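Undergrad: Can you keep this structure in mind? I'll have questions shortly.
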Amino acid sequence: MSTRSTTHFVEHDLRAIVYRHHDGYPRGHGADLWRFLTHVQGYCTDTRFGDAPYLASKLVVWLAHQYAFTYRRDEGVLAPRPSHPLDFLSVGIVQADPGDIEYRYVVDCGHRDEQGFPTVTGWDLNEDRPLPLVRYRQWAVSLPLTDPWALPGSLWDVEGMAPDLPAGVLP
């Protein structure tokens, strides 16, 4: 079963919602969200950190690049092969949260943190509790920037999955 999530980009009365079909848990999408923001800050001359619809669009493009793969059997092994950039599934724009999401993330484009990033919060909807995202932010900003468009596939192919850090390891 997939772990679904949404990311709400908010700015005053504007809201843009990005749906992710799988890996929506903090170690997946929580870490990816911070990696995305560090890439936007490192590669874009105009980050659009204060513009909810544009920043949400950038996330869709960033995730779609990672998901544009087809799977073929090579010698009995299911292997990913890069496909056309429009040949992706698993991410899209929605008007409201679907009923089956487990995690909700909010990127507040109207407020910035001490490093200039929009503030990010997360919520576990099953347990009705906030998510400890700070450790994934620290992990993401500590990695060297790697150009996602130069990679043969997903960022995780090169950088590895975000560590499953126990609470308290990072402040």
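Undergrad: List the residues of the range 28-72 whose backbone N lies under 18 Å from a point placed 7 Å from the Cα of Leu89 along the Cα-to-Cβ direction.
TA: Counting backbone N atoms under 18 Å from the label point, the list is 63-72.
Undergrad: I would also like to ask the following. List every residue whose amide H lies under 5 Å from the amide H of Leu125, counting only residues 5 or more places away in sequence or on a different chain, with H placed 1.01 Å from N in the peptide plane.
TA: Excluding prolines and chain starts, which carry no amide H, the hits are Tyr103, Arg104.
Undergrad: Okay, next question. Taking the alpha carbon gyration tensor of the range 5-151, what are the square roots of 5 times its eigenvalues, largest first, to the nearest whole Å? The partial results should precede the final answer.
TA: Working: eigenvalues 127, 70, 48 Å².
Each semi-axis is the square root of five times an eigenvalue, giving 25, 19, 16 Å.
Undergrad: Another question, then. Using the 10 angstrom Cβ neighbour count as an exposure proxy, how do Phe88, Phe49, Phe9 rank, fewest first?
TA: Values: Phe88 17, Phe49 20, Phe9 25.
Lowest count first: Phe88, Phe49, Phe9.
Undergrad: Then there's this: Once fully extended, how much extra length lies between Val106 and Val141, figured as 0.36 nm per residue of separation less the alpha-carbon to alpha-carbon distance?
TA: Working: separation 35, 0.36 × 35 = 12.60 nm, distance 1.88 nm.
Residue separation times 0.36 nm, minus the Cα-Cα distance, leaves 10.7 nm.
Undergrad: Oh, and also: Using mean Cβ contacts within 10 Å as the protection proxy, how do 118-131, 97-110 order, highest first? Could you put the intermediate results ahead of the total?
TA: Numbers: 118-131: 14.2, 97-110: 16.6.
Going from most to least packed, we get 97-110, 118-131.
Undergrad: Take Ser142, Ser57 and order them by how many other Cβ atoms sit within 10 Å, fewest up front.
TA: Sorted ascending by nearby Cβ count, the order is Ser142, Ser57.
Every read-out reported here was derived from the displayed coordinates using simple, explicitly stated rules and does not represent laboratory data. What you see is a predicted model, and the numbers here were worked out from it, not measured in a lab. No Cβ is skipped: glycine too gets one built from the backbone with ideal geometry, and neighbour counts run over all protein chains shown.
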